[in-house]
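Note sheet for the following structure.
Laboratory data are not the source of any read-out in this text; all were calculated from the coordinates shown. If you're wondering where the values come from, they're calculated on a predicted model, not measured in any experiment. Neighbour counts run over all protein chains shown; Cβ positions are idealised from the backbone, glycine included.
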There are 2 protein chains.
Amino acid sequence: MRDPIRVLLLGTGQMGAGIARIALQKRGLQIVGAYARRSQRAGLDLGRVIGLERNLGIALHNDLEDLIERVRPHVALQATCSRLDDALGEVSMLVRHGIDVISIAEELSHPASRSQPIAEELGRLAREHSATVVGTGINPGFVFDLLIITLTGVCADVQSITATRVNDLSPYGPSVLNSQGVGLSPEAFANGLANGTVVGHIGFQQSIHMICRALGWEIDRIAETREPILSQSYRATPFIKVEPGDAAGCLHTALAYRDDTALITLVHPQQIHPGLAGVRTGDTIEISGTPNVRLDGSPEIPGGVATCALAVNMIPRVLNAAPGLYSMADLPVPAALLGDVRRLVHQAL
Amino acid sequence: MRDPIRVLLLGTGQMGAGIARIALQKRGLQIVGAYARRSQRAGLDLGRVIGLERNLGIALHNDLEDLIERVRPHVALQATCSRLDDALGEVSMLVRHGIDVISIAEELSHPASRSQPIAEELGRLAREHSATVVGTGINPGFVFDLLIITLTGVCADVQSITATRVNDLSPYGPSVLNSQGVGLSPEAFANGLANGTVVGHIGFQQSIHMICRALGWEIDRIAETREPILSQSYRATPFIKVEPGDAAGCLHTALAYRDDTALITLVHPQQIHPGLAGVRTGDTIEISGTPNVRLDGSPEIPGGVATCALAVNMIPRVLNAAPGLYSMADLPVPAALLGDVRRLVHQAL
């Protein structure tokens, strides 16, 4: 049996910890190092940081280049940020060392949505250094793009696409809740939108561009709207309290138009305790075409564990791909990894 | 603008005609020839044969090798048969001429399910002649395999998978209805099962092996059962009459076991006019895992148009792939082709 696939973890927050716990369960994978941005984490043992009762003998490290040179990973899983600009330093360094990268940074799911020149440069760098880069996650990366694209595969023609993802923010921590404006008065929510502290969902641009590229659709513009979901009742989580009349979350929608026709409509209301307002969570994809296709799931695919699983499950796909920058629609689909991951990897590592 | 992608059609029955009508709508594709097995079709114009009101200037041809040499296609779409043995002569001849092949023959969706040596030999032949081969269709090829595999991609672990496809056979012609035992008495249905004229669904073995290979699951055995769906009432289509007490269709199920645990359960009741028995058609996929995933669609994705669309929509995926034999889970997912197909093809033709 050949040696394990050497995995480097970047980020040890909630998502990084979830990724690590999944990767540790997989035969044929070995976490060989863990990078943390926060200097106060340096030297801590990964096992403790991700909530295990034992040490793993993997000390968190703040110097990425030194860590790369010491542990020589085959693939890195990045869970440190959301934005392309913020992700790019780490990704470029990994790529220059010839290491494949799977990132859950939302804007990495389709970098050209943010910047065509950056995407081209990153693709060139990846090919030059024989590295493969892909961004993944539940959304962007799966529900609003890969799954939609896959379902259009049965269509001879498509007139329009509508997808809705209604989810529950209750399990999330302060940074997600704040970015969705949870707990804010209507005025504070409006101010948060204006000053950029209330963001809503990150990924509509990426999902829409992935769909359009896969289908060959040309669009003129994307219109996004964000509005508070005002609560009728008191709601609370361990991290936040919402008074009646204040925002329990954010209803964020994006419409992609050609002329005055909305070709793609993506609707994503996110709030804490939606059940208190009688709201049923779920994912719905509706394709108006030949044939019509409609798929529904309730409750929604839970975003946290799904994003962590996708990052791990893409490992064999990325190791098998030719060097370059990919979106999830450019590679074979991920699958749950239930056997030895090495058996799924075709090329020599 | 470079020249169109040259498409050769094999088969001009109901499915071949559907494929042709879709391919004719796509920018960047050109049907350059049509092969028919039936000698009485030789010389007929494809346009008339597929139900258009006009000639296309494409005469049906019975000599495949001669046709290949005359029209020099880039890709061939095979809609002539269901079984691997029956498909192999045409596929091998195309491959030896370096032509990519997309087949809707059910057993081509995962040839190793039928014969590992044949699959290996076909893969070797494809690589030797720089051709790519894939089998597709709604089922096998999509609902019971690609879609299930894709959905497991969000799972950290999977305990079991259950999928049900309840569909309506009313639109189908005599050969499909006969293979499902529609109109037979219970005794005649049992005899049909025994003598192989009642077949039920072709593709359970292929779908199960595709799932197991993608997930790395090992199974001991697959158990299939077929039983008549006996009608309480009179039902009829233009091609068949069903008396009360006789079979309106076939309930075909397949279970894949490890030890005594059913890891995969696929349930596929097919009958004419299910609504007369109060049966709601639809597709359901349920994954018991971390997280649980359940998706539902009603009515079912219609099999006829979906299979034809998948065959056409896979063209850019197959043209882009490295030479070899693939299943649908080995290539990037298909997407509806709404723009110029040539823009999706990366390599020189």
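Quick look at the numbers
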quantity: Angle between chain B longest axis and helix B:303-313 axis [Cα atoms, degrees, rounded to 10]; calculated: 30
quantity: Filtered GluC sites (Glu not before Pro), segment B:158-242: DSSP coil and at most 11 other beta carbons within 10 Å; calculated: B:Glu218
quantity: Gain on full stretching of the segment that runs from A:His346 to A:Ser160 - 0.36 nm per residue minus C-alpha separation; calculated: 63.1 nm
quantity: With eigenvalues of the C-alpha gyration tensor scaled by 5 and rooted, chain B, Å; calculated: 33, 26, 18
quantity: Modelled FRET efficiency - R0 25 Å, B:Ala190 with B:Thr265, Cβ distances, 0.05 increments; calculated: 0.60
quantity: Ordering of B:339-346, B:134-141, A:106-113, A:205-212 by packing [mean C-beta count within 10 Å, highest first]; calculated: B:134-141, A:106-113, A:205-212, B:339-346
quantity: Number of partner chain Cβ atoms within 10 Å, mean per residue of A:290-302; calculated: 6
quantity: Label-to-label distance, nm, for residues given as B:Asn62 and A:Met93 (7 Å Cα→Cβ offset); calculated: 7.1
quantity: Helix B:14-24 vs. chain B, principal-axis angle (Cα, 0 to 90°, nearest 10); calculated: 50
quantity: Gap separating the Cα centres of segment B:73-132 and segment A:14-37, nearest whole Å; calculated: 41
quantity: Full-extension gain in nm, A:Arg72 to A:Ile118, via 0.36 nm per residue minus C-alpha separation; calculated: 14.0 nm
quantity: Mean Cα-pair separation over length for segment A:146-300, i.e. relative contact order, pairs under 8 Å, 6 or more apart, %; calculated: 35
quantity: Label spacing, shortest first and in nm, from A:Lys241 to its equivalents in the remaining copies (7 angstrom along Cα→Cβ); calculated: 7.6
quantity: Pairwise label distance in nanometres, B:Asn55 with A:Arg258, each label 7 Å out on the Cα-Cβ vector; calculated: 3.4
quantity: Crossing angle, helix A:84-96 versus chain A [Cα axis fit, 0-90 degrees, rounded to tens]; calculated: 20
quantity: Cα coordinate range in the protein assembly as shown, projected on the principal axes (Å, largest first); calculated: 80, 58, 55
quantity: For segment B:144-277, alpha-carbon Rg over 2.2 N^0.38 Å; calculated: 1.16
quantity: Length added when fully stretched, B:Arg280-B:Arg27, from 0.36 nm per residue minus Cα-Cα; calculated: 87.4 nm
